[in-house]
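The values are calculated or read from the model by the stated rules, or taken from the named source; none is laboratory data. Note that the structure is a prediction, hence the values are computed from the model and not measured. Ideal geometry is used to build each Cβ from the backbone, glycine not excepted, and the neighbour counts take in all protein chains shown. Quick note on the areas: whole protein, heavy atoms, side chains included, nothing else; ligands and nucleic acids left out. Shrake-Rupley method; radii C 1.70, N 1.55, O 1.52, S 1.80 Å.
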Amino acid sequence: MYLRLTDEQKMVQETIRKFVEKELIPLENEVLRNEIEGKPSISAEKQKELQLKAKKAGFWGINTPEEYGGADLGQLMQAIVAMEVSKTFVPFRFGGSADNILYYGNDKQKEKYLIPTINGDKISCFAMTEPGAGSDTRNIKMTAVKDGDEWVLNGEKTFITGGNEADFVMVIAITDKEAHERTGRDGVTCFIVDRDMGWKSEYIHTMGEWGPAALVFDDVRVPEENILGELHGGYNLGLEWIGFARWIVGARAVGMAERLLQMAIDYAKERKTFGKPIADRQAIQWQIADSAVEIEAARWLVLNAAFTLDQGEDNRHLASIAKLYGANMGNNVVDRVLQIHGGMGYTRELPIERWYREARLWRIYDGTDEIQRLIISRNLIKGHVKIGQFV
Ligand SMILES: Cc1cc2nc3c(=O)[nH]c(=O)nc-3n(C[C@H](O)[C@H](O)[C@H](O)COP(=O)(O)OP(=O)(O)OC[C@H]3O[C@@H](n4cnc5c(N)ncnc54)[C@H](O)[C@@H]3O)c2cc1C
């Protein structure tokens, strides 16, 4: 066992760190200003420009297989990259990647949807959640009924990330009502549906930077050839999409918390009350110490989840642990850092409140805290995993 990054991993970490410092952090004030003015925090043109700069530095398709022109860095490297990129709240996304489940498409679907998405010519989104079915994904109501060689889709989806911008959606609908009623998992199918086939989207205002969408399908006709994967095999695709980024949430929390903790330390050394820097007060020191302990714990949980997947092992249990702990650690740290900054922390002069709002989402999407606890405890109670198995 060797609990240190390799030279190659350190080099990647350093390159990304420099990219973040040089290209992204200087945009933070603009992002905050745009948000206050109700504009998109970063324009599509700027996003593309940044992606091309990252590409020049060798970061394109970081999770995309080499046969599709990607760098396919592996999970551990992705975790390291995510921790660095999350040291800023500028919403940068690397170019050259596509949703994991799009790779299940047939050759024609790959040509029409996967390749253009990787190339940045098309934007996708994924829609499982409905107004009556979030954590309880088995409760979806959207239907798809066969009519000739087309399927007719009716229903609503909600909270769909990228749903306002997407050119096509991968949407989960019931295709066999009886089978679905029997198990909740069977009888659902994933369809690739172009926006111009007729679905509508509406912006949902949230407390964060992201404006997800509500989608409405009213007799939207979809050709049979647009079924992704197997007919009636959509549930597992949905779970795979949701599970993909789970532990990455923990990585994001580590990046944010590291930057915030440094801000808190710097501020505590400088801010004086009653004749002394607040860094001299035990109440402040303990908040710094607790944050440092939690950051280290989250870091290793995330790296272990990533490492386990790189070994070709099932990491779902560890992914849930890393997500649950990381998301809560992020919320604890941002709260303490805001407290250490006093009134200034609450203002929009500093980015802390911005992170405070963003971090709250981590405990909700990609499976809420409660759902992660349910998964972790179920795995142990049913004996799917043993305590201490992953060392
Ligand atoms: C910004 C944002 C982006 C999103 N992006 C997408 C997307 O791209 N695609 C998509 O399909 N979905 C997306 N979602 C939906 C997200 O996955 C759901 O919001 C999430 O799964 C929770 O579902 P819910 O909001 O319906 O809450 P509910 O399921 O109604 O839960 C309400 C509360 O009850 C708790 N709870 C539920 N069941 C149990 C239980 N059995 N035991 C204990 N407690 C329980 C929950 O943890 C929560 O605290 C997004 C959501 C947000 C906010």
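Scan the range 137-163 for residues that are open to solvent by 40 Å² or more (accessible area, probe 1.4 Å) and either within 16 Å of the ligand (Cβ to nearest atom) or under 18 Å from the mean Cα position of the chain (by Cα) (or both) and the total you get is 6. Here the range 178-194 is the region considered, the condition is being outside any strand (DSSP E or B) and within 17 Å of Ala144 (Cβ to Cβ), and the residue that is farthest from the ligand (Cβ to nearest atom) is Glu178.
The single condition among (1) modelled with pLDDT under 95; (2) open to solvent by 20 Å² or more (accessible area, probe 1.4 Å) that Phe59 does not meet is (2).
For the range 29-43, a residue qualifies if it is in contact (Cβ under 8 Å) with a residue 40 or more places away in the chain and either exposed (fewer than 15 other Cβ atoms within 10 Å of the Cβ) or closer than 15 Å to Arg93 by Cα (or both), and the qualifying residues are Val31, Ile36, Ser41, Ile42.
Residue-wise test of (1) within 21 Å of Ile371 (Cα to Cα); (2) among the small types (Gly, Ala, Ser); (3) surrounded by fewer than 22 Cβ atoms within 10 Å (Cβ to Cβ); (4) in contact with a Cys (Cβ under 8 Å, 6 or more places away or on another chain).
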| position | (1), (2), (3), (4) |
| --- | --- |
| Ile288 | no, no, yes, no |
| Ala305 | yes, yes, no, no |
| Tyr325 | yes, no, yes, no |
| Leu338 | no, no, yes, no |
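Would a scan of the range 217-235 turn up a residue that is within 12 Å of the ligand (Cβ to nearest atom) and either open to solvent by 40 Å² or more (accessible area, probe 1.4 Å) or charged (D, E, K, R) (or both)? Checked against the condition, which is being within 12 Å of the ligand (Cβ to nearest atom) and either open to solvent by 40 Å² or more (accessible area, probe 1.4 Å) or charged (D, E, K, R) (or both), the range 217-235 yields no hits at all.
Annotation for the range 105-113: no member residue is within 16 Å of the ligand (Cβ to nearest atom) and at pLDDT 95 or above.
Among the candidates Ile284, Ile321, the residue that is more than 26 Å from Glu370 (Cβ to Cβ), at pLDDT 95 or above and of a type in the set (Val, Ile, Thr) is uniquely Ile284.
Residues that are surrounded by 15 or more Cβ atoms within 10 Å (Cβ to Cβ) and of a type in the set (Val, Ile, Thr) were ranked within the range 166-183; the one that is nearest to Ala44 (Cα to Cα) is Val169. Only a single item in (1) touching a His at 6+ places or on another chain (Cβ under 9 Å); (2) within 16 Å of the ligand (Cβ to nearest atom) is not met by Arg354, and it is number (1).
Of all the residues that make up the range 196-223, how many are touching a Lys or Arg at 6+ places or on another chain (Cβ under 9 Å), hydrophobic (A, V, I, L, M, F, W, C) and in a strand (DSSP E or B)? Qualifying residue count, the range 196-223: 5. When you check Arg378 against the structure, is it under 25 Å from Ala292 (Cα atoms), in a helix (DSSP H, G or I) and open to solvent by 10 Å² or more (accessible area, probe 1.4 Å), yes or no? For Arg378, the condition - under 25 Å from Ala292 (Cα atoms), in a helix (DSSP H, G or I) and open to solvent by 10 Å² or more (accessible area, probe 1.4 Å) - is not met.
Pairs meeting the criteria (first residue in the range 125-136 and near the ligand (Cβ under 6 Å from one of its atoms), second residue acidic (Asp, Glu), beta carbons under 7 Å, at least 6 apart or on different chains) are Phe126/Asp99. Just one residue in the set Phe89, Phe94, Phe59 is part of a loop (DSSP other than H, G, I, E, B), within 30 Å of Ala127 (Cβ to Cβ), in contact with an Asp or Glu (Cβ under 8 Å, 6 or more places away or on another chain) and touching a residue at least 12 places away in the same chain (Cβ under 8 Å); that residue is Phe89.
Only residues that are open to solvent by 50 Å² or more (accessible area, probe 1.4 Å) and touching a residue at least 24 places away in the same chain (Cβ under 8 Å) were counted in the range 109-121, giving 1.
Any residue in the range 318-334 that is farther than 30 Å from Leu73 by Cα and part of a loop (DSSP other than H, G, I, E, B)? No, the conditions are met nowhere in the range 318-334. Within the range 200-209, is there a residue that is more than 13 Å from the ligand (Cβ to nearest atom), surrounded by 15 or more Cβ atoms within 10 Å (Cβ to Cβ), modelled with pLDDT of 95 or more and farther than 25 Å from Phe89 by Cβ? Looking for residues that are more than 13 Å from the ligand (Cβ to nearest atom), surrounded by 15 or more Cβ atoms within 10 Å (Cβ to Cβ), modelled with pLDDT of 95 or more and farther than 25 Å from Phe89 by Cβ, one finds none in the range 200-209, hence no.
Within the range 276-283, the presence of a residue that is open to solvent by less than 70 Å² (accessible area, probe 1.4 Å), in contact (Cβ under 8 Å) with a residue 12 or more places away in the chain and touching a Ser or Thr at 6+ places or on another chain (Cβ under 9 Å) is excluded. Might you check whether a residue that is loosely packed, with under 15 Cβ neighbours inside 10 Å, away from the ligand (no atom under 16 Å from the Cβ), at pLDDT 95 or above and in a helix (DSSP H, G or I) occurs anywhere in the range 249-263? Yes.
For the range 132-142, the count of residues that are out of contact with any helix residue (DSSP H, G or I) (no Cβ under 7 Å at 6 or more places or on another chain) and among the hydroxyl-bearing types (Ser, Thr, Tyr) is zero.
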